[in-house]
1. Can you work out the Karplus-derived ³J(HN,Hα) for every residue in the range 124-131? Use 6.51 cos²θ - 1.76 cosθ + 1.60 with θ = phi - 60°, whole Hz, and x for glycine or proline.
2. Do the alpha carbons of any pairs in Lys124/Lys149; Lys120/Lys328; Lys57/Lys352; Lys120/Lys352; Lys149/Lys236; Lys120/Lys314 sit beyond 27 Å of each other, and which pairs?
3. Compare the Cα positions of Leu132, His194, Leu143 along the charge dipole of the range 100-332 (+1 at Cβ of Lys, Arg; -1 at Cβ of Asp, Glu; about the Cα centre) and return the one farthest towards the positive end.
4. List every residue whose amide H lies under 5 Å from the amide H of Tyr288, counting only residues 5 or more places away in sequence or on a different chain, with H placed 1.01 Å from N in the peptide plane.
5. Provide the per-residue ³J(HN,Hα) series for the range 39-56, in order, calculated from phi with Karplus coefficients 6.51, -1.76, 1.60 and θ = phi - 60°, each as a whole number of Hz, with x at glycine and proline positions.
6. With labels modelled as points extended 7 Å from the Cα through the Cβ direction, what inter-label distance (nm, one decimal) is found for Lys57 paired with Gln296?
7. Net charge within 12 Å of Ser119 by Cβ-Cβ distance, Lys/Arg positive one each and Asp/Glu negative one each, not counting Ser119 itself?
8. Among Val253, Gly185, Gly242, whose Cα sits farthest toward the positive end of the charge dipole of the range 172-326 (+1 at Cβ of Lys/Arg, -1 at Cβ of Asp/Glu, about the Cα centre)?
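The values are calculated or read from the model by the stated rules, or taken from the named source; none is laboratory data. All values derive from a computational prediction rather than experimental measurement. Because the Cβ atoms are built from the backbone with ideal geometry, glycine has one as well, and the counts that use them run over all protein chains shown. For accessibility, only protein heavy atoms count, side chains too; no ligands or nucleic acids. Shrake-Rupley method; radii C 1.70, N 1.55, O 1.52, S 1.80 Å.
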Amino acid sequence: MMKLDEFDNDKVPKDEMQDVALSHEDQINLHSKKLQDDLQTMGMKIQVHEDNIRFLKTLKDKLVDSIIDLQVILDKHHASNTPKIENKDGSDTQSEDEPSYQKGILQQENTAASILCHSKTNPKMLASDPTLSDDVLGVVAELGHVEDKNLSSLLSEYLGTETMLAIVCKTYNGVKSLEKYDTEGCINETSGLHGFGTSLGKTLEGRFNVIALETLRSYSGEFVANDPQRRLHIPKPRLPNGDCPAGFLGYAVNMIDIDRTHLFFLTASGYGLRETLFYSLFFCLQIYKTRTEMLQAVPCITDGALSLDGGIIKRSGLFCLGNRGDTKVTFSKTSIDLSLPDQYMESERQMKEMKWKEEKMLEDMRREQVLLDTLKLNFEKKKAEFVQFLAEAAARPQTPVGETSR
């Protein structure tokens, strides 16, 4: 901070030494004006950022209203297309039979996945931990469907039970909400999933896997055109002679049907479940009709392969041999028509775009707020410097008239 004692001719800033004959009073006035100009400039910048925040907030509020209105339309569509079953008393109910994947999960007693599935039937329990209920999407096994039962079993065997039972969160905040620790680093048994288990009369045993979508390496390529399921446009494998291997059926990541509930889910970075979760689980895992055809395609297999008759290559050079065992948890069979009306697809597209815009607006607002806070802090510092400068100027003895010419 510059003080009045520094205003000797040899210490005056270069931008204020345009005239070496300036008196001390002129130098003081010049520096005072510079401080005032700086404050005025900073004040104008503060006003700009405040206006930007107000503008972004207005846009965000309008966008949120539009999202709510569109969600009502989509919810009505979901309600009108939910399969009905008849109760014993002849009345209809909107709930389907318990899915096979859910039965498999619930049978894994005292696992994190089982406790999570049980807790979903208790809204009051979920409401007790908003971060957990909002950030946790579900278990891997329930987030996708497979048309062919045999393929479902193969994919589940490839992933393994631990991965099929892994809990999927949107962000790392969801991971933290599932398990908390005391000051000594020990698990707090009364919070997170452990607390849910206690409330259900169950004890969470052993370790469990959790996947945070925001931390995954996402697929960044193109998508299959006009595909409601947004399958990934991955080039077919090629043998050294340039031909596509015989018996190649496709990539595992594209043979998963995303549930309607999560079909248009997006991370904050704009990626869906297929290009995050399922791409990270399968990458370019290839599917073949027979083991023989799969083995003939080994030269172009990089991320592993499966054959419908039970062959498994985990990755290049790692072959799984022996008999197939019982798969405890599998993806459920696709049992509904996943083709959606054009109007519904357009509404979902709009919803996806609006949610993405909302996330970007929130990011812009946070950035503007940081800039605003920094400017306000610097403004207060500059104002304090100006006040101190004025105080020192007022306390300095005035030079008598005519004395400056001696």
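1. Whole-Hz 3J(HN,Hα) from phi for the range 124-131: 5, 5, 5, 5, 6, 9, x, 4.
2. Working: Lys124/Lys149 35 Å; Lys120/Lys328 21 Å; Lys57/Lys352 20 Å; Lys120/Lys352 25 Å; Lys149/Lys236 24 Å; Lys120/Lys314 34 Å.
Among Lys124/Lys149; Lys120/Lys328; Lys57/Lys352; Lys120/Lys352; Lys149/Lys236; Lys120/Lys314, the Cα-Cα distance tops 27 Å for Lys124/Lys149; Lys120/Lys314.
3. Leu143
4. Hits under the 5 Å cutoff: Leu249, Leu306, Ser307, Leu308.
5. My calculation for the range 39-56 gives 5, 5, 4, 5, x, 5, 5, 4, 4, 4, 5, 5, 5, 4, 5, 4, 5, 5 Hz in order.
6. Label at Lys57, label at Gln296, 6.8 nm between them.
7. Numbers: positive: Lys120, Lys124, Lys202; negative: Asp129.
Net local charge, Ser119 excluded: +2.
8. Gly242
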